[in-house]
Every structure is written in structure tokens, then in C-alpha cells.
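Working notes for the structure below.
The values are calculated or read from the model by the stated rules, or taken from the named source; none is laboratory data. Since this is a predicted model, take the numbers as computed values, not measurements. In this analysis, Cβ positions are derived from the backbone assuming ideal geometry, glycine residues included, and neighbour counts consider all displayed protein chains. With ligands, DNA and RNA removed, areas are computed over all heavy atoms of the protein, side chains included. Shrake-Rupley method; radii C 1.70, N 1.55, O 1.52, S 1.80 Å.
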Amino acid sequence: MSIPGLGAGTTYEDGLKTVSIPQGSEWRIEIPMKQILKFKVTEGILEINGTELPNNVELQLTGTKCSIYSPKQESKLEYNLVQNHDMSMYEDDDFTEYVSSETNMDSVLNLHMYIESRRQVAADHNVSNEEPMLGPRVMVLGGKHSGKSTLVKTLVSYAVKMNHCPILVNLNPQDGVFALPGSISATAINDSLDVESCNGYGLTTTTTGGGLSKQPIVKNYGFTSVKENLDLFKYQISQLGITVVSRLEQDPQCRDSGIIVDTPPLGIKDYPVIESIISDFRIDLVVVLGNEKLTIDLKKKLSHKSNLQIVKLNKSPGVVEVSDKFIRMSQEATIKEYFNGNYKTRLSPFKTDIDATGLQIYKAVKDSVSLSFLPAGDDFEREDEDNDLSKYYSAIDPSASNVDNSIIVVTHLQSTNPGKDLLNSSVLGYIHVSKFDDEKKKLKVLLPFPGVFPRNVLISTDIGYNE
């Protein structure tokens, strides 16, 4: 069975082409939303972001820019392109492909082996000592289009190959990592990432099910740019850090495996944010991608942290710039996959009207001043300001606020006066509001699955979406 529009009626054998990828080389591909690449590995071993691809199994990719790497021998695949009718309205670029021998995979493998040695040291220590030692806590830094997420996926995938269970932390609210855009998340990974999903991680599992191996802890931020409310962003980082460190201390497998932290584009002017991440997640290894000056500046500012290593890694020559338009299309595809699934996993979303009377809906407020302009080392005073919820969220009335065509977060809270608990709550799931009927006082919503809608506290986000 196939989802209508996903190449139905076109057989895999139509227009097949073959590609040979020499050992140590990669096939770089840019697939627009309007097309689907169907391919099979026919010889050798190939991987995407560290995840090994099965041989003689048809795979599908769409709306992505990535590389398929041949680590051990010359490998071959066959492919064809079909029209993606569900995304035919998108006027994006055409399909691009080429084979290149210029990669940074040797450096990535060396980094992985070093991290692996740190895991082994922690595991050996924890066998014979009562006082536990945490595994490596790695943060990846870099600017836009530096390949941070690709490196994080690769390091996580290689760790899984070694039978580890690292915690993948995503602090870039622009991406949806087992969550929708506008959120940050932490997920213990003990099996392969799903390269065929929209973002290359796997289906979002906050409410749509999925294995416990990828059940994330998700915190709502509500924006895609960290500078919209830097106070809220840093607070949610701290709350996620508490949860992750607690998991490391309680779960022996995660404790030895450590964490890999993906970050939004950050520079030295964002030092207060970088410092917060290092502190909240007890980072002991910072990997800077392709920015020697940032590496040097961080070593100077963080020289007082004797247990912190900072290393620079050259970014991949295959990294390409992605336009804001492509990023937005990818976000929409992620949201669509959350509600509808993909060609492998069909989901059954449910449209209904819910009574807005009595619903508690909040929305994150925007900063007027960014803390990025504070002198390095300065920070806000949390003790008093945390008690002032208005700094982070304000209650809204759907009749007075525009919630049409937006994503709304369902929290775990059922309190009538959430207060600070609203800041500490995790995401239970998401709904899409297509329209507020002012006359009937009802929200027309799309739910991930049929059932009674929980009257939990809701948070309206800045993430728009048109079905």
C-alpha cells in the first residue's frame, strides 16, 4: 500500500540508473520536495550519516540534501526518480547528484574512536567503583551550514553500532528531532535512526506511538529562533539538562554511553548561551566545526574549566547552504509526517471541534532585548524572575488572539493555575488548529489520533501550518 501521491503507478524499474561509489568517497544528492528518490544498495556497504543501509531493499528519500558514504570498499546502488505528487505545489530546485572523494570522514571516525575510548574508561570505572563516572558529554558547535546535525547523527549512529545507548539532545528549535519545530528534546537512542523520515531521525513519537527506544523528553519553546525569548530558551535548556543528567545517573547503559548535544548556530557573541549549555549538561568535550577563531576564543574564555576539552573539526566539503524557503518546507513536511505518517507507517489523524470554553491557553512572549548583547559572563538573576510567569508566557483568549493555522502544544499539566509548573512541564503532544469559530466558541483541530481530547493546559506556538 502507498500513500496517494507518493509515486503510485510508477514502478521501481522504470528508468533505473546505476552509481558506483569508490571506497572513502560519497555520493552527494540534493532531492527536492517535488521528487522522490527510490534506490537500492546492490553491492558493498553504504551508509547515510553513520546509519548502514540494507542491501537489496528499496529505500525512499525526498526533500533532503545528504551524502551516501562508502566506508570499506567500492559499492554500487541503483536508483530512479518519481514525482512526489503530494508536494508538487513546491517550486524548489531540481535533483542534483555527484560522486566526490573529498570528505572529512577520516576526522569524524577519529573523533568517534576517541569518544569511544572515553566510554570504555567510564564503563571500566563503573564496574569496580561505587562512585559512578559519567560517559562523555559532547557538544557540537558551529555556524549556519556547518554540518552540525550531520556530525551529531553520525556520532550517535556509530555509538549505536558499538551497542551503546547515547542520549541525543537537540537544542535547535528550528529542527524537529522526535518532536515538532519550536521544541527542544532529549532522546535515548539504542537502535538505528530512520534515514527515510523527513528529518533523518525517525517519526515524532510524543503522541503518535513508537518504540520506547526513541521516546523523547520534549520541552516547548514555541519559536524557531533562540533570540525570540532568550530567557525562556535558557530556562528550558536548564530544565532539559536536569532531566538528562538525572537519566545518566540512574541508567547504567546511558551513563557509560554519554550524550551528544546538537546546538543552534552560535558564535562567540552567544557565549552566555554556550556557557549555560556546558554547565547544564556537564559538557566535557566541545567540538567546533570549521571555525578556528571560535575555537581559540572559547579556549580563552573557558580556560578555568580544567576538565573541558575543546577541539576543532574541519567541516565536510559536501556541506551545502539551505535557503530559508527549503527550511520552511522541511518543517512543514515534518509536521505533516507527525499527523499523517509516511509511506511505511500510515497514521490516522482525526478532525474534530473542541469547546474552547474553559481551555487554558498560554503563549510565549517575545524578548524586547536579546541577552546576546550582554557582556561575556553576565547572566540574568533567576531567583526572583522565575516567579514572574509574565516574563515567559501570557494567557491568551483564542477569540482575541489569532490561533488559526497554528501548532498548539498539549502539556502534561491539568492545573487550573499552573504558575511556574508551566515552565517545568514537558510536551505531551501537538494539535493543529485550522480555525477558531468565534460564534460557536469552538476550535477546529486536527488530532494525531481519535479519542477524547485532554483538557490539559495548552501552549500556542509561533509555528504555522496549512493543511
Scaled to the compact-protein estimate 2.2 N^0.38 Å, what is the alpha-carbon radius of gyration of segment 173-314, rounded to two decimal places? 1.09
Kindly provide the Kirkwood hydrodynamic radius of the chain in Å, to one decimal, from all pairs of distinct alpha carbon atoms. 23.3
So, with points 7 Å from each Cα along the Cβ direction, the GLU58-SER107 label distance in nm works out to 3.9
Can you tell me the mean projection area, over all orientations, of the convex hull of segment 121-238's alpha carbons? Units nm², please. 8.7
Run the 1.4 Å probe and let me know the accessible area of THR295, rounded to the nearest 10 Å². 10
Summed residue charge, Cβ within 14 Å of LYS161's Cβ, Lys/Arg positive, Asp/Glu negative: -1
Using 0.36 nm per residue, how much length does the chain from LYS444 to LYS305 gain when fully extended, once their Cα-Cα distance is taken away? 44.8 nm
Using protein chains only and a probe of 1.4 angstrom, how many square angstrom of LYS351 are accessible, to the nearest 10? 140
How much solvent-accessible surface does SER401 expose, in Å² to the nearest 10, with a 1.4 Å probe and all protein chains in place? 40
Working only with C-alpha atoms, what are the Rg and Dmax values of segment 130-180, expressed in angstrom? 13.0, 43
Determine the share of the chain's accessible area contributed by carbon and sulfur atoms, expressed in whole percent, with a 1.4 angstrom probe. 47
Kindly provide the helix-only [θ] at 222 nm of the chain, computed as the sum of -39,500 (n - 2.57) over DSSP H runs of four or more divided by all residues, to the nearest 500 deg cm²/dmol? -7500 deg cm²/dmol
How far, in nm, would the chain grow between GLN215 and ASN314 when pulled straight, counting 0.36 nm per residue and subtracting the alpha carbon separation? 32.4 nm
Hey, for a label at ASP251 modelled as a point 7 Å past Cα toward Cβ, could you say which residues of segment 173-189 have their backbone N under 16 Å away? 178-179, 185-189
Cα-based reach from LYS442 at 18 Å (exclusive), listing lysines while leaving out same-chain residues under 8 positions away: LYS351
Förster-model FRET efficiency, 56 Å R0, SER415 and LYS144, C-beta, rounded to 0.05: 0.90
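Just the number, please: percent antiparallel of the DSSP beta bridges in the chain, rounded to the nearest 5. It would help to have the intermediate numbers written out before the result.
Numbers: 65 of 86 bridges.
If we restrict to bridges inside the chain, about 75 percent are antiparallel.
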For GLU439, GLU321, GLU332, GLU467, give me the order by solvent-accessible area with a 1.4 Å probe, most accessible first, ignoring ligands, DNA and RNA. GLU439, GLU321, GLU467, GLU332
Between their Cα atoms, which of LYS219/LYS301; LYS219/LYS435; LYS301/LYS366; LYS72/LYS153; LYS301/LYS325; LYS65/LYS293 are more than 31 Å away from each other? LYS301/LYS325
Which of VAL445, VAL121 is most accessible, then next, and so on - probe 1.4 Å: VAL121, VAL445
If Lys and Arg each add +1 and Asp and Glu each add -1, what is the summed charge of the other residues whose beta carbon sits under 9 Å from the beta carbon of LEU289? +3
With an 8 Å Cα cut-off and a minimum separation of 6 or more residues, compute the relative contact order for the chain in percent. 15
Highest first, please rank the peptides 406-415, 336-345 by the mean number of other Cβ atoms sitting within 10 Å of their residues. 406-415, 336-345
With all protein chains present and a 1.4 Å probe, the order of ARG255, ARG328, ARG346 from largest accessible area down is ARG346, ARG328, ARG255
At R0 = 25 Å the Cβ-Cβ FRET efficiency linking ASP93 and PHE350, nearest 0.05, sits at 0.10
Between LYS269 and LYS366, with labels modelled 7 Å along Cα→Cβ, what's the label distance in nm to one decimal, could you check? 1.8
Segment ASP191-SER399, length gained on full extension (0.36 nm per residue, minus Cα span): 70.4 nm
